[in-house]
Amino acid sequence: MKTEINNYVFTQSSLKQNVGEIKLFRAMESSLNIHCSAILVEETHGNKGHVRFSSNLTKKFEKREIADLIIISKSNNDYKLSFLQAKYHRTKTSPFLEFYGDYLQLELLKTRPNIDKSNSFGFPENILNFSKYRSLSTYGIFYHDISGSIDMLYTTADLLTDSGVAGRIKGKIIFPGNVTCPCLNCSTSFKDELISTCNIDLFERALLAFQVGAPIIDVKVKAFIRKMLQNILKRDPTLGDRITRFIPKIDEDYGVDLDVVGNPNILLIEIEKEIRE
């Protein structure tokens with residue numbers, strides 16, 4: 001994936017300042033399509049997936065976008081879900097294990113609270129905690145390595161800590177990696193999920209092995225995914241089977257009523273059994 005992303009990004013534009021998260025998501029989609037079926041449904045105007053939650057940091061309700069990218073992986077009839085918050089460093093990250101971020105966003109993805117039922121996008125209130133899988137909420141920090149090529153630090157949100165400066169909602173966020181990071185084979189896994197790596201090729205390998213995200217077993221979450229994809233298809237029928245093949249087959253809506261304008265960035269990945277193994 002690293003080679004494909006750098007070829008895609010710098011072929012599309014030789015100006016590094018024109019590189020952003022959306023272009024990097026498109027590059028990820030392009031790379032994944034070499035090995036499997038992937039489609040990036042880009043964020044549209046309207047509702048972009050904001051949620052309200054009770055913050056321990058500010059002692060009041062706060063509103064944040066749930067994540068920059070929703071990753072839905074499908075293999076046979078199994079589904080996995082992951083929320084990825086992206087950051088892009090336009091210069092070499094120094095020190096590598098620190099980056100500037102939003103503490104409230106980190107709190108949302110790290111503590112994974114119930115979200116307010118009146119959230120504007122219609123997420124189930126347990127969307128961030130329906131599973132104990134750590135890779136349900138993650139960060140992807142795109143950075144430039146020593147040669148100037150783009151790579152990515154991937155980590156579950158629970159590994160990150162803020163700088164702890166009282167009264168601030170933005171500042172340094174720290175990843176507790178090795179002093180040798182970034183390195184070629186740096187990764188940590190637990191059971192059947194990837195926890196962290198500073199190598200985007202290893203991240204792609206884990207995606208294709210169905211090792212990123214939480215299994216979607218909760219019926220209300222599965223019903224929400226179905227309704228969200230049906231709404232996207234309704235707005236853009238030209239997507240046809242590219243979206244239909246990802247819609248979960250369940251018997252009822254389980255009370256999910258989702259009729260909103262717009263959608264967040266969503267990366268859909270279908271993984272064949274042969275690739276997964």
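Values in this text are rule-based calculations from the coordinates and carry no lab data. Since the structure is predicted, the reported quantities are computational estimates derived from the model, not experimental observations. Here the Cβ positions follow ideal geometry from the backbone for every residue, glycine too, while neighbour counts run over all protein chains shown.
Here are some notes:
- Under a model in which nothing but the beta-carbon of Lys, Arg (+1) and Asp, Glu (-1) is charged, the range 132-181 shows a dipole of about 260 debye around its Cα centre.
- Additional length obtainable on full extension of the chain from ASN76 to ILE217, 0.36 nm per residue less Cα span: 49.3 nm
- Efficiency of FRET between ALA166 and ASP192 - r from beta-carbon atoms, R0 35 angstrom, step 0.05: 0.35
- With a simple spin-label model that places each label point 7 Å from the Cα along the Cα-to-Cβ direction, the separation between ASP241 and LYS63 comes to 4.1 nm.
- Among GLY167, GLY177, ALA223 - extreme Cα towards positive end, dipole of the range 153-245, charges at beta-carbon: ALA223
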